[in-house]
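What follows is a single structure, written as C-alpha cells, with notes after it.
The values are calculated or read from the model by the stated rules, or taken from the named source; none is laboratory data. For clarity, every value in this text was computed on a predicted model and none was experimentally measured. Positions of Cβ are backbone-derived with ideal geometry, glycine not excepted, and every protein chain shown enters the neighbour counts.
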Amino acid sequence: MMKTAIVLVLLLMLTTVSSQTFQWGSCPTTPVQPNFELPGYLGTWYEIAKLPAAFERGKCIEAQYSLRSDGTIKVLNSQTVKGKVKSLEGTAVVPNLLVPAKLGVSFSYFTPYSPYWVLFTDYKNVAVVYSCTDFLRVFHIDYAWILSRTRVLPTSFIAKAQEVLTGFIDISRITFTDQLGCLP
C-alpha cells in the first residue's frame, strides 16, 4: 500500500511539472543584483519571456508591485486567458535585509514563500528574475522571467537578459509571452 501511494505521488508530481523546467540535483547558486533598491523596482512590469510555468498560460501577463503600510510588498499578477483578465494577489517580503534582491513571494496564506530573486535590473527597462524550488535535493524546478517596463522590449535587452540566465538554465526552453492586443 505504501509503495502504491509513493508511486501515485510521484506520478502526480511529474504531471504537475511536465510543463515546468526541471533538472536533477539541488537548485544552483546564482548571483543577484548587487545594491538592489526595492523602491526603484516597484511599479508595473510586463512579462516578455519565461521558462514554461503551469500557472502562466495566458497572454498580456503583467505584475504590479507596490509597498503596503506594513512593509510587505503587494504583488498583483494578471493575465488574459480566453479573452478574460484573471488576477491573483500575493505578498512579497525581503527575508534578509542584507540581500534585498532575494525576495520571497506567496499567493496564499497556506503556502510558504517561494524564492523570487532579482538577478539583474536597470529599473527603467528590463529585469531578470529567477526562482527555484528544490525537491529533497533530488531534482529542482526552475522558473525564470524576462520583464520589461513596456510590452515590447528591444532585442538588445533580451540578449542581455538571456546572457544573465546562461549557465544555470537552458535558455532554449524560454518562451515569449504574447503582449499584442492587450488593454493599456
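Residue count for region 159-184 under the criterion of being under 16 Å from the mean Cα position of the chain (by Cα) and surrounded by 14 or more Cβ atoms within 10 Å (Cβ to Cβ): the result is 9. Check whether at least one residue in region 94-115 is within 20 Å of ILE174 (Cβ to Cβ), part of a strand (DSSP E or B) and out of contact with any helix residue (DSSP H, G or I) (no Cβ under 9 Å at 6 or more places or on another chain), and report yes or no. Yes: one or more hits.
The single residue among ASP142, ASP134 that is in a strand (DSSP E or B), more than 14 Å from the chain's Cα centre (by Cα) and closer than 21 Å to PRO28 by Cβ turns out to be ASP134.
Sort out which residues of region 66-93 are in contact with a Leu (Cβ under 7 Å, 6 or more places away or on another chain), under 19 Å from ALA144 (Cα atoms) and of a type in the set (A, V, I, L, M, F, W, C), and write them in order of number. Within region 66-93, ALA92, VAL93 qualify.
Selection of region 39-55 for residues being of a type in the set (Phe, Trp, Tyr), more than 15 Å from ASP178 (Cα to Cα) and at pLDDT 95 or above yields only TYR41. Within region 63-90, no residue that is surrounded by fewer than 13 Cβ atoms within 10 Å (Cβ to Cβ) sits with its Cβ atom under 7 Å from a residue that is among the acidic types (Asp, Glu) and assigned to a loop (DSSP other than H, G, I, E, B) at 6+ positions apart or across chains.
Answer yes or no as to whether CYS60 is modelled with pLDDT of 95 or more and either surrounded by 13 or more Cβ atoms within 10 Å (Cβ to Cβ) or not in a strand (DSSP E or B) (or both). Yes; evaluated as a whole, the condition is true for this residue. Scanning region 70-89 for residues being under 23 Å from ALA101 (Cβ atoms) and in contact with an Asp or Glu (Cβ under 8 Å, 6 or more places away or on another chain) gives a total of 4.
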